[in-house]
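Heads up: the structure comes next, in structure tokens.
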Amino acid sequence: MKALILAAGFGTRLLPYTNHTPKPLFPISGNPLLNLIIENLKRSGCTGIVINTHHLHEKIEAFIASQNYGIPVITQYEPTILGTGGAIKNTADFFDASPFMVINSDILTDISLRDVYEFHLGHNQSATLVLHDHQAYNNVSVTNKGSIIGFHEQVAPSQDGIMKKLAFTGIQVLDADLIPLIQQQNYFSSIDLYQHMISKNQMPKALIVKDHFWTDIGTPESYLDTEYRFSAPQAFQKAFSISSTGMISKEKLKGDGSDRQWYRLSAENRTLILVRHGIREQIDTCEVDSFIQIGQHLQQKKIPVPAIYGYNAFSGLVFLEDLGDTHLEDVVKQLKHHKDRMAVYQEVIKLLIHMSQNGKIDFLPSMTYQTREYSKDLIIEKECRYFKDAFLKNYMKMNCPEKPLENDFSDLADSALQNGMRGFMHRDFQSRNIMVKENSFYLIDFQGGRIGPLQYDLASLLIDPYVALPFDEQMELIDFCAKTLEDIVSVPIETFRKSVFYCALTRNLQILGAFGYLSLVKGKKWFEQYIPCALQSLRYYLQKTDKNELPVLKTIAETLKNKRGST
């Protein structure tokens, strides 16, 4: 048995993802689908395989060249897509006088291909199409005796009647003597061949299968569903050594400010967290890559983060240790006494120092997906201008003095970077990204990490509007952090404070930009309730700067007092 795998298509339903990766190379649990199909054909007794290519053909050709299958596996490039029939005609020299199999490159199934081939050898029709009941695609008319008598169109009942309409699985076997019937033209569909056979009363034979697994990955959701079906059991196996998880239930969790989706998975009284980042839209490093690589790096450095039990950086699916539902925010809001809050925050600050200093060891810039470090350009573009555009202009509908404001932004960025204690910076170190499980703290959402000043993460923790920590307690904790650092680095406490003040301002601008964007553009209106606290914090830390510093920002902050959302 030889086979043709149809792999020339553009994968238009999977755009934009097929702009960089051809559909047959989409990975399923780390294994390209094309490879799974080839291995299935080999197990079924296939002795040679030809693959037609067109879209991103060089990537398919490079993949095949890198493999050693033990049987001939070659590619046949089509400068112009020829259709199924045209592909068969174009690869005719590869086949011998025996029947050959044709299979689509975007399907995954447990249908026995050996049984399909044996079925074809057991009847006298020239073509066998494997069909099943798949409601969305049932358009092949089949008689009670298993003869195919039409495609798509309404077909009048034959003498033995139409059994039903069924769907084509993308698996077919043809006799070699059909190849001469394919017309020589640029594009030819195999359906045209079958229609011709039907007109000559030479009906293709249907092999109707039931109780099987079959899916195609032709759409983003079908691809993600397929990837989940295979990778979720593997994650449970790795996490808990559960050999058979049976039914895995999935509960959607409340999201955050990002577009990612979170789920709690349950099987045999064990749980994992699934985060869906979305199928990657670019070859370059993206968010999911940083999430995986930084998470693994921090775990290696003994920094408490959720264990990663499985991932596919292409599909964006990552399976994590379940840390429960309790955030630092939840714990702090239950503490009524100052000393209790201080005790908790002091432990978190110790964790922050540990993360900063140990996380920077062996940290690779290639792990980051935005910028390699916390830089002046990042501050101005992603924090200052984000505040100006997303919050002042779009959310508050304010006109801004562009040039003077840019001067303030430049000065603020320089001040925030001056005297910074460099280490691994989380960049979103706030109460909802710190989980509490069995009285221990764990860090999540670290994918934005990079090298930067510890003072920025400290400022993020203290000015966090979800908790609204009193300003006097913020000052107390700044001093606690400075004293704790005395054994690591010698920084005058006043210098350290100033550095935190400036970082608090850059962070505050980022927070307000995010709240404006999420509320207005993303429709996540619940973020609006935290805007007044963030504006109060902005005014407070602006007052901590020298009298003549940041004059435009100070004027804007005062103006915002009397505007919507700044009570």
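Tabulated data
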read-out: Count of residues meeting criterion [β-branched (Val, Ile, Thr) and within 20 Å of THR555 (Cβ to Cβ)] in the range 376-401; value: 1
read-out: Residue within the range 20-42 that is free of Cβ contacts under 8 Å to residues at least 12 places away in the same chain and more than 32 Å from the chain's Cα centre (by Cα) present; value: no
read-out: MET475 vs. criteria in the same structural domain as LEU378 (by TED's automatic domain parsing), in contact (Cβ under 8 Å) with a residue 60 or more places away in the chain and hydrophobic (A, V, I, L, M, F, W, C); value: no
read-out: Pairs, first closer than 19 Å to GLY11 by Cα in the range 205-221, second part of a loop (DSSP other than H, G, I, E, B) and not small (Gly, Ala, Ser), C-beta under 8 Å, six or more apart; value: TRP214/ASP110; TRP214/ILE111; TRP214/HIS134; ASP216/ASP106; ILE217/PHE26; ILE217/ASP106; GLY218/ASP106; PRO220/ILE279
read-out: Selection within the range 30-56 - surrounded by 19 or more Cβ atoms within 10 Å (Cβ to Cβ) and hydroxyl-bearing (Ser, Thr, Tyr); value: THR53
read-out: Test: residue in the range 26-46 that is out of contact with any Phe, Trp or Tyr (no Cβ under 9 Å at 6 or more places or on another chain), farther than 26 Å from GLU221 by Cβ, assigned by TED's automatic domain parsing to the domain that holds HIS120 and among the basic types (Lys, Arg); value: yes
read-out: Flag for GLY310 being part of a strand (DSSP E or B), of a type in the set (Gly, Ala, Ser) and either closer than 19 Å to TRP262 by Cα or outside the structural domain of SER366 (by TED's automatic domain parsing) (or both); value: yes
read-out: Single condition ASN186 does not satisfy, out of (1) over 28 Å from SER266 (Cβ atoms); (2) without any contact (Cβ under 8 Å) to a residue 12 or more places away in the chain; value: (2)
read-out: Every pair of residues 6+ apart whose Cβ atoms lie under 9 Å, when the first sits in the range 258-283 and is assigned by TED's automatic domain parsing to the domain that holds ILE28 while the second is among the basic types (Lys, Arg) and surrounded by 20 or more Cβ atoms within 10 Å (Cβ to Cβ); value: none
read-out: Odd one out for GLY257, checked against (1) surrounded by fewer than 16 Cβ atoms within 10 Å (Cβ to Cβ); (2) assigned to a helix (DSSP H, G or I); value: (2)
read-out: Residues satisfying the stated conditions in the range 158-213, i.e. within 42 Å of the chain's Cα centre (by Cα), at pLDDT below 95 and among the β-branched types (Val, Ile, Thr); value: ILE191
read-out: Verdict on SER431 being over 28 Å from the mean Cα position of the chain (by Cα) and either among the polar types (S, T, N, Q) or more than 21 Å from GLU549 (Cα to Cα) (or both); value: no
read-out: The listed residue being surrounded by fewer than 18 Cβ atoms within 10 Å (Cβ to Cβ) and modelled with pLDDT under 95, out of LYS302, LYS336, LYS350; value: LYS336
read-out: Of the criteria (1) under 22 Å from GLN195 (Cβ atoms); (2) modelled with pLDDT of 95 or more; (3) outside any strand (DSSP E or B), which one VAL130 fails; value: (3)
read-out: Test for ASP445: is it under 26 Å from PRO365 (Cβ atoms) and in a loop (DSSP other than H, G, I, E, B); value: yes
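The values are calculated or read from the model by the stated rules, or taken from the named source; none is laboratory data. Everything numeric in this text was worked out from a predicted model, so none of it was measured. No Cβ is skipped: glycine too gets one built from the backbone with ideal geometry, and neighbour counts run over all protein chains shown.
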